[in-house]
1. Can you name the condition, by its number, that Leu140 falls short on among (1) buried (at least 16 other Cβ atoms within 10 Å of the Cβ); (2) modelled with pLDDT under 90?
2. On the given criteria, is Ser106 under 18 Å from Thr21 (Cβ atoms) and of a type outside the set (A, V, I, L, M)?
3. Of all the residues that make up the stretch 132-144, how many are more than 16 Å from Val11 (Cα to Cα) and either in contact (Cβ under 8 Å) with a residue 12 or more places away in the chain or in contact with a Cys (Cβ under 6 Å, 6 or more places away or on another chain) (or both)?
4. Identify, from the list Leu107, Leu115, Leu35, Leu100, the residue that is modelled with pLDDT of 95 or more and surrounded by 14 or more Cβ atoms within 10 Å (Cβ to Cβ).
5. Taking only pairs six or more apart or across chains, which ones have beta-carbon atoms under 7 Å, a first residue in the stretch 72-91 that is more than 14 Å from Ser58 (Cα to Cα) and hydroxyl-bearing (Ser, Thr, Tyr), and a second residue that is modelled with pLDDT of 95 or more and assigned to a helix (DSSP H, G or I)?
6. Return the total of residues in the stretch 38-55 being among the hydrophobic types (A, V, I, L, M, F, W, C), under 26 Å from Ala152 (Cα atoms) and either without any contact (Cβ under 8 Å) to a residue 40 or more places away in the chain or touching a Cys at 6+ places or on another chain (Cβ under 9 Å) (or both).
Amino acid sequence: MAIGSAFGPVVVDRVVYGTITIMCVLIVYDGWSRLKLLDVLGVIIGPIVAMFLSHVFSSALAQQVDLGRRLTGGESVATIRAESRFLLLAVPPSLLTVVLSVAGVSLTACIQIILWAGVASLGFWGGLAGHRAGLIGWRLALFVLAGFVVGALILAIQVLLQPGKAVTGGVA
């Protein structure tokens with residue numbers, strides 16, 4: 001399968017959107033050290049399920065407005081099937097968390113690793129977009145850098161939102 005057909009604009013859009021969203025959820029959640037593995041997986045999977053449901057709901061509503069009628073059962077199933085790819089976004093961070101946890105890495109460290117993997121992912125998608133646009137050399141590097149910069153900005157949010165640390169200088 002050609003890379004263009006495997007990673008169409010809708011798939012790339014959803015992966016980037018999902019990556020940024022899950023990074024934000026992981027950043028603002030406090031209390032990783034008090035959680036068990038299944039709890040952490042719930043924090044990772046829950047927002048992705050919510051995004052899936054919101055996309056199914058909004059897509060179905062948009063189709064009904066466009067068609068001027070209720071969706072048939074087949075149309076509803078097609079919508080659910082089309083949006084179900086969103087659920088695959090839970091696999092990489094969940095799998096990484098389980099593997100690292102089994103290897104003895106703390107859950108807090110697992111989350112940090114997932115966040116950095118998210119930054120790398122955004123750089124990859126920036127590079128893929130630049131490559132598909134026919135860019136080479138420094139122009140392609142700028143697209144990769146743009147992905148890294150977006151990821152770094154999201155990580156900067158972590159510094160600003162760390163409860164009792166960034167805003168108060170470490171005093172709780």
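1. (2)
2. Here the answer is no, as Ser106 does not meet what is asked.
3. First, pick out the residues of the stretch 132-144 that are more than 16 Å from Val11 (Cα to Cα): 133-144.
After this cut, where a residue has to be either in contact (Cβ under 8 Å) with a residue 12 or more places away in the chain or in contact with a Cys (Cβ under 6 Å, 6 or more places away or on another chain) (or both) as well, the list is 140, 142-144.
Here the count works out to 4.
4. On the way: Leu107 fails: modelled with pLDDT of 95 or more; Leu115 fails: modelled with pLDDT of 95 or more; Leu35 fails: modelled with pLDDT of 95 or more.
From the options Leu107, Leu115, Leu35, Leu100, the qualifying one is Leu100.
5. From the stretch 72-91, no pairs qualify.
6. Our first condition is that a residue be among the hydrophobic types (A, V, I, L, M, F, W, C); within the stretch 38-55, this holds for 38, 40-41, 43-45, 48-53.
Keeping just the survivors that are under 26 Å from Ala152 (Cα atoms) gives 40-41, 43-45, 48-52.
Checking the rest, the ones that are also either without any contact (Cβ under 8 Å) to a residue 40 or more places away in the chain or touching a Cys at 6+ places or on another chain (Cβ under 9 Å) (or both) come to 40, 43, 50-52.
Residues that pass the stated criteria total 5.
One line per residue, one yes/no per condition, for (1) within 26 Å of Ala129 (Cα to Cα); (2) surrounded by fewer than 17 Cβ atoms within 10 Å (Cβ to Cβ):
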{"residue": "Ile22", "(1), (2)": "yes, no"}
{"residue": "Leu26", "(1), (2)": "yes, no"}
{"residue": "Asp39", "(1), (2)": "no, yes"}
{"residue": "Gln64", "(1), (2)": "no, yes"}
{"residue": "Thr72", "(1), (2)": "no, yes"}
{"residue": "Leu88", "(1), (2)": "yes, yes"}
{"residue": "Pro93", "(1), (2)": "yes, no"}
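The values are calculated or read from the model by the stated rules, or taken from the named source; none is laboratory data. Note that the coordinates shown come from a computational prediction; the quantities given were computed from them, not determined experimentally. All Cβ positions, even for glycine, are placed from backbone atoms using ideal geometry, and neighbour counts span all protein chains on display.
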